[in-house]
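Please read the structure below before turning to the comments.
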Amino acid sequence: MKLKNSSLTLDDMDLKILDALQQDAKQTYTAIGEQFGLAHSTVYDRIKRMEQHGIIKKYMAVIDAEKAGSKNITAIMTVYTDPKESEKVAENLCDAPEVLEVYTSLSEELLIMAKVVAENQESLHNFIANSVAPLPGVLRIRTSIVTKKFKETQFLIVNDPKKLTFIKEKHNKLGEIEQ
């Protein structure tokens, strides 16, 4: 781990520690240290530095919403915008509690894609009609309701900074996670 111009450069050991945390963030510093031959204090120091520099943004539990009793519906919303207003539209969508993710794409047109969750179809309609459609710069909206989830993936950094991989979470009929 090196500090250059107030930004942190990660080394292979930092990436291994991040990988271990992404697999199980509840591990102790000692357990992580044992995996890589480090003292728990070294692991602690590296993790604290990564937290201070915003590399580790937060720790959270990944919840299976259906098993937790949630009956919400999920939709993917594509918002076509006036290019001059697209950033403001995206920022407004980020502020809405119904919106889980927001992305922009420049293909033939500038689009904003958002993953939205709502209690039911009526609340989804109301959110789109009352909160999204009136935003300045919104030209049109296409919404696709998710009817079945086949894969939900989490991004994972691996030990080689040039190489990226993904944690594959497949839910079988019993809801067990296969990796």
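The values are calculated or read from the model by the stated rules, or taken from the named source; none is laboratory data. Bear in mind that the values here come from a model prediction, so they are computed numbers and not experimental data. Methodologically, a virtual Cβ is constructed for each residue, glycine included, from the backbone with ideal geometry; neighbour enumeration extends over all protein chains shown.
General remarks:
- Residue list for the range 116-164, filter: part of a helix (DSSP H, G or I) and either modelled with pLDDT under 90 or surrounded by 15 or more Cβ atoms within 10 Å (Cβ to Cβ) (or both): 124, 127, 128, 131, 132
- Sole exception among (1) farther than 30 Å from residue 129 by Cα; (2) modelled with pLDDT under 95 for residue 43, by number: (2)
- Meets criteria (basic (Lys, Arg) and within 21 Å of the chain's Cα centre (by Cα)) for residue 67: yes
- Every test in (1) more than 30 Å from residue 16 (Cβ to Cβ); (2) of a type in the set (A, V, I, L, M, F, W, C); (3) outside any helix (DSSP H, G or I) is passed by residue 56 save one, and that test is (1).
- Residues being part of a strand (DSSP E or B), in contact with a helix residue (DSSP H, G or I) (Cβ under 7 Å, 6 or more places away or on another chain) and under 16 Å from residue 129 (Cα atoms) - total across the range 78-115: 4
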